[in-house]
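The structure appears right after this line, and notes come after that.
The values are calculated or read from the model by the stated rules, or taken from the named source; none is laboratory data. What you see is a predicted model, and the numbers here were worked out from it, not measured in a lab. Cβ coordinates were reconstructed from backbone atoms using ideal geometry, including for glycine residues, and neighbour counts include every protein chain displayed.
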Amino acid sequence: MTLLLSGKLLNPRPLLGGHEVDPAEFKDDTSEFKGEIVTLEPMRANTSLRFAQSFARRSGDPYYNVVFRWSSPVEITVSLMVPVDLNVPDVNADGDALSITFECTEGNAMNGNKAVQISRWSHW
């Protein structure tokens, strides 16, 4: 069962050390999440994750950047640094809905967010 707790947490059980966060709350109070591990869902990637991962590997980069967005009922954009060794689903740009778990190191939606887990979103 999903509950709204203290205006921010939707799910009281930890997800990889973090909590599911209402994307609208994250947008409104991003700085409040500095240093936290959070999960946002459902989100959509702006590029093929596996293509970006493959390109980063060939370039020798330890991370690649992917922008994720959510647009209902408010629009939010989050940029993640994704480690090249992180297992990611095979989805195309603007494809399947995803659940993203990341460390929000700077309290900023577009900088300093390190992916911990990216998986297909399932609301069941």
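From the list Glu103, Glu75, pick out the single residue that is closer than 13 Å to Thr39 by Cβ and not hydrophobic (A, V, I, L, M, F, W, C). Walk me through it before giving the result.
Working: Glu75 fails: closer than 13 Å to Thr39 by Cβ.
Answer to the selection: Glu103.
Restricting segment 77-95 to residues that are of a type in the set (Val, Ile, Thr) and in a loop (DSSP other than H, G, I, E, B) leaves a set whose member that is farthest from Arg58 (Cα to Cα) is Val91.
Mind checking which residues of segment 98-116 are part of a strand (DSSP E or B), more than 11 Å from Leu40 (Cα to Cα) and not hydrophobic (A, V, I, L, M, F, W, C)? Before you say what the answer is, go through the steps one by one.
Pass one, segment 98-116, residues part of a strand (DSSP E or B): 98-104, 113-116.
Now drop any that are not more than 11 Å from Leu40 (Cα to Cα), which leaves 103-104, 113-116.
Hits for segment 98-116 are Glu103, Asn113, Lys114.
Considering (1) surrounded by 13 or more Cβ atoms within 10 Å (Cβ to Cβ); (2) closer than 17 Å to Lys114 by Cβ; (3) modelled with pLDDT of 90 or more, the lone condition that Leu15 does not fulfil carries the number (3). Of the candidates Glu25, Glu103, Glu75, the single residue that is of a type in the set (D, E, K, R) and at pLDDT 95 or above is Glu103.
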